[in-house]
Amino acid sequence: PGQAAVAQLQAAGLVSGLDNGRLLLAKSTQSALLDELTRLLAGYHTAHPLRQGLARGEVRSRLRVKGGRSAAGELPLRAFNDFVEQAVVADLLRANDSVLWLATHRIAYSPQQSQAVQRMLAAFSAAPFAPPNAGETLALLGNDEELLESLVEQGLLVRLAGGVYFRQADFDTAIARIAAFARQNGSVTLAQTRDLFDTSRKYAQALLEEMDARRITRRVGDERILR
């Protein structure tokens, strides 16, 4: 339809535009999409009460526009992002770059889970730069994989390559110390990182690889230099 006709339909509250008006949805279609999104997220929260939310890509792939022009009935990416933003503004859900969740969703640990978290944190505190390995961490949490994933999502633990976990504060401290060492000495090696924290090669390597991945450092031979 022409711009004037579209404007009339929008003024009458019959259609809603997404992606700067590139996609027009009937109000009834948008309402049905919101209902479907709410049901989808509510079901996920029921099945995974300790998780923050459902991955944005999965939500988009499962959200269907009846009669949509695309074969799969998916919203185009920019239209989907606009749809999500409108739902956030309407206080129906919350979102970050990775996941979506209902505005009413709250993560609550049981007394047993809270005790397990405190037990795990105490073990990490006792050896901040040589913390329990992945299997030991899971065992400290009562082999509750959902609880472990929740702690990573909440930013309490940082997961690195090789199944290495650090508390967020310890990870931040380690990165700052390695960067300071490299700045003062021009570079840092795996052996120097290991000695800096009196830890094993596994933990030192995981830290350096994460710094490379975050583009804090880059590897030159056996050394890392700051970017």
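Of all the listed residues (Ala213, Ala206), the sole one being of a type in the set (A, V, I, L, M) and farther than 22 Å from Ala127 by Cβ is Ala213. Whether a residue is among the β-branched types (Val, Ile, Thr), in a helix (DSSP H, G or I) and either under 28 Å from the mean Cα position of the chain (by Cα) or outside the structural domain of Pro49 (by TED's automatic domain parsing) (or both) was assessed, and Ile225 does not pass this test. As for the range 103-114, it holds at least one residue that is buried (at least 16 other Cβ atoms within 10 Å of the Cβ) and within 18 Å of Leu34 (Cβ to Cβ).
Taking the range 174-225, which residues are closer than 18 Å to Ala161 by Cβ and among the aliphatic types (A, V, I, L, M)? Scanning the range 174-225 gives Ala174, Ile175, Ile178, Val188, Leu190, Ala204, Ala206, Leu207, Leu208, Met211, Ala213, Ile216.
The values are calculated or read from the model by the stated rules, or taken from the named source; none is laboratory data. As the structure is a computational prediction, the values presented were derived from the model and not from experiment. Because the Cβ atoms are built from the backbone with ideal geometry, glycine has one as well, and the counts that use them run over all protein chains shown.
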